[in-house]
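Engineer: Here it is, the structure, as structure tokens.
The values are calculated or read from the model by the stated rules, or taken from the named source; none is laboratory data. Note that this is a predicted model, so its numbers are computed, not measured. When we count neighbours, we look across all protein chains shown, and the Cβ atoms used for this are built from the backbone with ideal geometry, even at glycine.
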Amino acid sequence: MNHSTVLVTGSTGRIGRAVVAELQQRGRAARGMDRVATPGLDDMVVGEITDAEAVRRAMEGIHAVVHLAATPDDDDFLTQLLPNNVVGVYHVFEAARLAGVKRLVLASSGQVVWWQRERGPFPIKADDPPTPRYWYAALKVMLEAAGRAYAEAHQMSVIAVRLGWCPRTRGQVAEIAAADWARDVYLSPGDAGRFFACAVEAPADISFAVVYATSKPAQTLRYDMTPAKELLGYEARDTWPQGTELVTG
Ligand SMILES: NC(=O)c1ccc[n+]([C@@H]2O[C@H](COP(=O)([O-])OP(=O)(O)OC[C@H]3O[C@@H](n4cnc5c(N)ncnc54)[C@H](O)[C@@H]3O)[C@@H](O)[C@H]2O)c1
């Protein structure tokens, strides 16, 4: 796809910083949007995705969006999940439609298939029925469904990504170290950046796709990684614990 500037929402977060760094390394212009300014990124809209006007400003002149800004796990529904993971999603989709965005890449989660992750069968495919863990994951199912609707109704190319576990804190690194399944779905910051760059650059004729993104499994292949490779050309480079030294929070 021929892209100009890529808008990265949630650009200051764990994955957002990795995506911005990878895009910059590839010589692609990136604009950030976050409630906190992103270090090293001049083109930045500091604001809330719950603010329709701020999202509209961020979207000006944009052809591809990586939408990461969200409450990144279960939290209070009414004060956190509802504004950030429902209302903000609506504003991002609508601003993207009005700006004529061609490619929308959405951060979904492996928590969408949580209960199958507990009991198999493996590898879990993108079209296996969702088994969401709880409200956060149920809203990621909604995000994927809204992506499908916009792909069909507005001819937008939409890629929903069920992300593995990219730790935000040293505490999460310790949790991953202690669980077999978590080491299998670990996603290093470097692989996360490369994955999203592949998704931005993937062929324009993808109408809608759901794919998984992880690093190489430590032991068992839990998610079917074939669509990410065939559609987007993504192949993981890292395996647990490579990249954990970058997690300092
Ligand atoms: N890290 C993981 O393991 C993981 C796994 C699955 C899915 N995800 C998804 O990936 C995305 C990024 O996750 P992360 O781990 O980088 O989280 P993070 O908390 O490190 O980053 C999220 C960023 O979004 C920003 N943000 C949150 N609400 C906002 C709002 N209303 N307006 C503007 N900015 C807002 C925050 O300031 C933060 O910088 C999220 O959508 C999350 O649900 C992450």
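Engineer: Considering each residue of region 172-194, count those that are within 14 Å of the ligand (Cβ to nearest atom) and farther than 22 Å from Val161 by Cα, and give that number.
Structural biologist: 2
Engineer: Quick one: is Tyr234 modelled with pLDDT of 95 or more, aromatic (Phe, Trp, Tyr) and part of a loop (DSSP other than H, G, I, E, B)? If you could, list the steps in order and put the result at the bottom.
Structural biologist: Numbers: modelled with pLDDT of 95 or more: yes; aromatic (Phe, Trp, Tyr): yes; part of a loop (DSSP other than H, G, I, E, B): yes.
Yes, satisfied.
Engineer: Looking at Pro72, Pro121, Pro83, can you tell me which residue is assigned to a loop (DSSP other than H, G, I, E, B) and either within 9 Å of the ligand (Cβ to nearest atom) or in contact with a strand residue (DSSP E or B) (Cβ under 6 Å, 6 or more places away or on another chain) (or both)?
Structural biologist: Testing whether each residue is assigned to a loop (DSSP other than H, G, I, E, B) and either within 9 Å of the ligand (Cβ to nearest atom) or in contact with a strand residue (DSSP E or B) (Cβ under 6 Å, 6 or more places away or on another chain) (or both) leaves just Pro72.
Engineer: What number of residues within region 211-230 are surrounded by fewer than 21 Cβ atoms within 10 Å (Cβ to Cβ) and touching a Pro at 6+ places or on another chain (Cβ under 8 Å)? Steps first, please.
Structural biologist: Going residue by residue through region 211-230, those that are surrounded by fewer than 21 Cβ atoms within 10 Å (Cβ to Cβ) are 216, 218-221, 224-227, 229-230.
With touching a Pro at 6+ places or on another chain (Cβ under 8 Å) added as a condition, the list becomes 221, 224-225.
So the count comes out to 3.
Engineer: Cβ-Cβ distance below 9 Å, separation of 6 or more or different chains: which pairs start in region 143-172 with a residue that is within 17 Å of Gln111 (Cβ to Cβ) and end on one that is of a type in the set (Lys, Arg) and assigned to a loop (DSSP other than H, G, I, E, B)?
Structural biologist: That search, which allows pairs on different chains as well, returns Gly164/Arg222.
Engineer: Which residue is farthest from the ligand (Cβ to nearest atom), if the candidates are limited to region 95-118 and must be within 15 Å of His67 (Cα to Cα) and not aliphatic (A, V, I, L, M)?
Structural biologist: Residue satisfying both the conditions and the ranking: Lys102.
Engineer: Another question, if that's okay. Among the numbered conditions (1) part of a loop (DSSP other than H, G, I, E, B); (2) under 24 Å from Pro203 (Cβ atoms); (3) not aliphatic (A, V, I, L, M), tell me where Glu22 comes up short.
Structural biologist: Result: Glu22 fails condition (1) only.
Engineer: From the list Ala52, Ala69, Ala30, Ala58, which residue is of a type outside the set (Ser, Thr, Tyr), in contact (Cβ under 8 Å) with a residue 40 or more places away in the chain and under 24 Å from Arg162 (Cα atoms)? I'd like the intermediate steps shown before the answer.
Structural biologist: Details: Ala52 fails: under 24 Å from Arg162 (Cα atoms); Ala30 fails: in contact (Cβ under 8 Å) with a residue 40 or more places away in the chain; Ala58 fails: under 24 Å from Arg162 (Cα atoms).
Going through Ala52, Ala69, Ala30, Ala58 in turn, the sole match is Ala69.
Engineer: Kindly provide the set of residues from region 199-247 that are under 26 Å from Arg28 (Cα atoms), touching a helix residue (DSSP H, G or I) at 6+ places or on another chain (Cβ under 6 Å) and of a type in the set (S, T, N, Q), ordered by number.
Structural biologist: Matches in region 199-247: Ser207, Ser215, Thr244.
Engineer: Considering only residues that are assigned to a helix (DSSP H, G or I) and either within 14 Å of the ligand (Cβ to nearest atom) or modelled with pLDDT under 95 (or both), which ones fall in region 147-169?
Structural biologist: Gly147
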